[in-house]
Amino acid sequence: MSHTTKNKSKMLSRVKRIKGQVEAIERALDGHGECEDILQLVASCRGALNGLMAELIEGHLRFHVIGTDKKALPSQLEAADELIAVVKRYFN
């Protein structure tokens, strides 16, 4: 079972919230919203997408690179944790 299958409902919920944010941007543009309000909506949407991306990368690293059935060395786990922390800082 893939990490995306395992967390499918959680990720789909996140995607639906992001979809709602994108629709809010569309409504604001269509309704001639104020530029600072639209920029805030876009920034919020970008943050949500970045969070989803970081979660997917973390899952990929833990599931496919380290592996759930493999015996990872402590140094490998530490390196994976460090990389995940860097990815999360980059996307936030």
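The values are calculated or read from the model by the stated rules, or taken from the named source; none is laboratory data. Predicted model only: the values in this text are computed from it and were never measured. Positions of Cβ are backbone-derived with ideal geometry, glycine not excepted, and every protein chain shown enters the neighbour counts. Accessible surface is based on the protein model in full, side chains and every heavy atom, while ligands, DNA and RNA are left aside. Shrake-Rupley method; radii C 1.70, N 1.55, O 1.52, S 1.80 Å.
Select from the stretch 9-51 the residues that are under 29 Å from LEU77 (Cα atoms), open to solvent by 80 Å² or more (accessible area, probe 1.4 Å) and in contact with a helix residue (DSSP H, G or I) (Cβ under 8 Å, 6 or more places away or on another chain) and list them in ascending order.
Within the stretch 9-51, LEU49 is the sole residue that qualifies.
Consider only pairs whose beta carbons are under 9 Å apart and that are at least six residues apart or on different chains; among these, list those whose first residue lies in the stretch 28-43 and is free of Cβ contacts under 8 Å to residues at least 60 places away in the same chain and part of a helix (DSSP H, G or I) and whose second residue is open to solvent by 100 Å² or more (accessible area, probe 1.4 Å) and not hydrophobic (A, V, I, L, M, F, W, C).
Pairs found: ALA28/GLU34.
Suppose we filter SER9, SER75, SER2, SER44 for residues that are modelled with pLDDT of 95 or more and not basic (Lys, Arg); which single one remains?
On the way: SER9 fails: modelled with pLDDT of 95 or more; SER75 fails: modelled with pLDDT of 95 or more; SER2 fails: modelled with pLDDT of 95 or more.
Being modelled with pLDDT of 95 or more and not basic (Lys, Arg) holds for just one of SER9, SER75, SER2, SER44, which is SER44.
How many residues, within the stretch 26-75, are within 17 Å of VAL15 (Cβ to Cβ) and either of a type in the set (D, E, K, R) or touching a Gly at 6+ places or on another chain (Cβ under 6 Å) (or both)?
4
Of everything in the stretch 52-89, what is open to solvent by less than 50 Å² (accessible area, probe 1.4 Å) and either in a helix (DSSP H, G or I) or not aliphatic (A, V, I, L, M) (or both)? Give them in sequence order. Can you show your working first?
Our first condition is that a residue be open to solvent by less than 50 Å² (accessible area, probe 1.4 Å); within the stretch 52-89, this holds for 52, 54-55, 58-59, 61, 66-67, 72, 80, 84-85, 87.
Answer for the stretch 52-89, where residues must be open to solvent by less than 50 Å² (accessible area, probe 1.4 Å) and either in a helix (DSSP H, G or I) or not aliphatic (A, V, I, L, M) (or both): LEU52, ALA54, GLU55, GLU58, GLY59, LEU61, ILE66, GLY67, ALA80, ILE84, ALA85, VAL87.
Do we find that LYS6 is open to solvent by 100 Å² or more (accessible area, probe 1.4 Å) and under 30 Å from GLY67 (Cβ atoms) in this structure?
Values: open to solvent by 100 Å² or more (accessible area, probe 1.4 Å): yes; under 30 Å from GLY67 (Cβ atoms): yes.
Judged against the criteria, LYS6 is a match.
Residue check: is GLY20 modelled with pLDDT of 90 or more, touching a Phe, Trp or Tyr at 6+ places or on another chain (Cβ under 9 Å) and part of a helix (DSSP H, G or I)?
no
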